[in-house]
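Worksheet: one structure, shown below.
The values are calculated or read from the model by the stated rules, or taken from the named source; none is laboratory data. Here the structure is a predicted model, which means the values were calculated and not measured. FYI the Cβ positions are ideal-geometry reconstructions off the backbone, even for glycines, and counts take in every protein chain you see. SASA here: full protein model, heavy atoms, side chains in, ligands and nucleic acids out. Shrake-Rupley method; radii C 1.70, N 1.55, O 1.52, S 1.80 Å.
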Amino acid sequence: MKSIVIAIVVIACTGSVPAMANPDLAHKKNCMACHAIGEKVIGPAYKDVAAKYAGQPDAPARLAQKVMKGGTGVWGVAVMPANPQVSEAEAKQLVHWILSLK
Ligand code: HEC
């Protein structure tokens with residue numbers, strides 16, 4: 001009985017989760033080297049980013065560009081380097097995930 005339940009749960013999970021969830025993408029693209037969800041590392045905590053841009057309709061597009069090209073001056077003097085390993089679609093996906101954090 002127990003194994004049947006586990007099998008159903010596994011099927012349900014693998015069926016509904018996209019090939020790569022966004023936290024995995026953030027790890028794979030090295031974002032988490034400088035960022036954490038709940039605390040500042042070198043870059044701002046992703047939750048702080050989400051709070052700062054809440055309710056700003058143009059934020060996702062702007063932030064996706066910034067993720068790709070890098071930049072500085074918004075959160076302090078630290079610089080985010082350009083992330084050429086991230087495509088525009090991936091940048092949008094990552095920003096969408098970041099802005100959904102609470
Ligand atoms: C080498 C360290 C480093 C890496 C790697 C890095 N970041 Fe950053 N990130 C920063 C710093 C520093 C800032 C703050 C820049 C500023 O103050 O303008 C920042 C800012 C941001 C912001 C907020 C931008 C703003 O204008 O408010 C987002 C969103 C972000 N990073 C996402 C990402 C994503 C997604 C990745 C992975 C593709 C990534 N970062 C990789 C250091 C990094």
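Can you work out which of the residues in segment 74-87 that are of a type in the set (S, T, N, Q) and near the ligand (Cβ under 9 Å from one of its atoms) is nearest to residue 36 (Cα to Cα)? Please lay out each step first, then the result.
The initial filter retains those residues of segment 74-87 that are of a type in the set (S, T, N, Q), namely 83, 85, 87.
Narrowing the set further to residues that are near the ligand (Cβ under 9 Å from one of its atoms) leaves 83, 85.
Numbers: 83: 17, 85: 19 Å.
Restricting to residues being of a type in the set (S, T, N, Q) and near the ligand (Cβ under 9 Å from one of its atoms), the top hit is 83.
Among the numbered criteria (1) within 8 Å of the ligand (Cβ to nearest atom); (2) under 16 Å from residue 30 (Cβ atoms), which one does residue 71 miss?
(2)
Considering segment 51-89 alone, what residues qualify as being touching a Lys or Arg at 6+ places or on another chain (Cβ under 7 Å) and in a helix (DSSP H, G or I)?
Passing the criteria: 60, 64.
Every residue in segment 30-50 that is more than 11 Å from the ligand (Cβ to nearest atom) and either more than 10 Å from the chain's Cα centre (by Cα) or outside any loop (DSSP other than H, G, I, E, B) (or both), please.
Within segment 30-50, 38, 39, 47 meet the criteria.
It is to be established whether one or more residues within segment 53-62 are more than 18 Å from residue 90 (Cβ to Cβ), more than 10 Å from the ligand (Cβ to nearest atom), open to solvent by 60 Å² or more (accessible area, probe 1.4 Å) and touching a residue at least 24 places away in the same chain (Cβ under 8 Å).
Filtering segment 53-62 for residues more than 18 Å from residue 90 (Cβ to Cβ) gives 53-58.
Still in the running and more than 10 Å from the ligand (Cβ to nearest atom): 54-58.
Applying the additional criterion that residues be open to solvent by 60 Å² or more (accessible area, probe 1.4 Å) yields 54-58.
Filter once more, so that each one left must be touching a residue at least 24 places away in the same chain (Cβ under 8 Å): 54.
Checking segment 53-62: at least one residue is more than 18 Å from residue 90 (Cβ to Cβ), more than 10 Å from the ligand (Cβ to nearest atom), open to solvent by 60 Å² or more (accessible area, probe 1.4 Å) and touching a residue at least 24 places away in the same chain (Cβ under 8 Å).
For residue 27, only one of the following conditions fails: (1) part of a helix (DSSP H, G or I); (2) surrounded by 15 or more Cβ atoms within 10 Å (Cβ to Cβ); (3) under 10 Å from the mean Cα position of the chain (by Cα). What is its number?
The number of the failed condition is (2).
Go through (1) among the charged types (D, E, K, R); (2) near the ligand (Cβ under 10 Å from one of its atoms); (3) within 18 Å of residue 29 (Cα to Cα); (4) surrounded by fewer than 17 Cβ atoms within 10 Å (Cβ to Cβ) one by one and return the number of the condition residue 90 breaks.
Answer for residue 90: the failing condition is (4).
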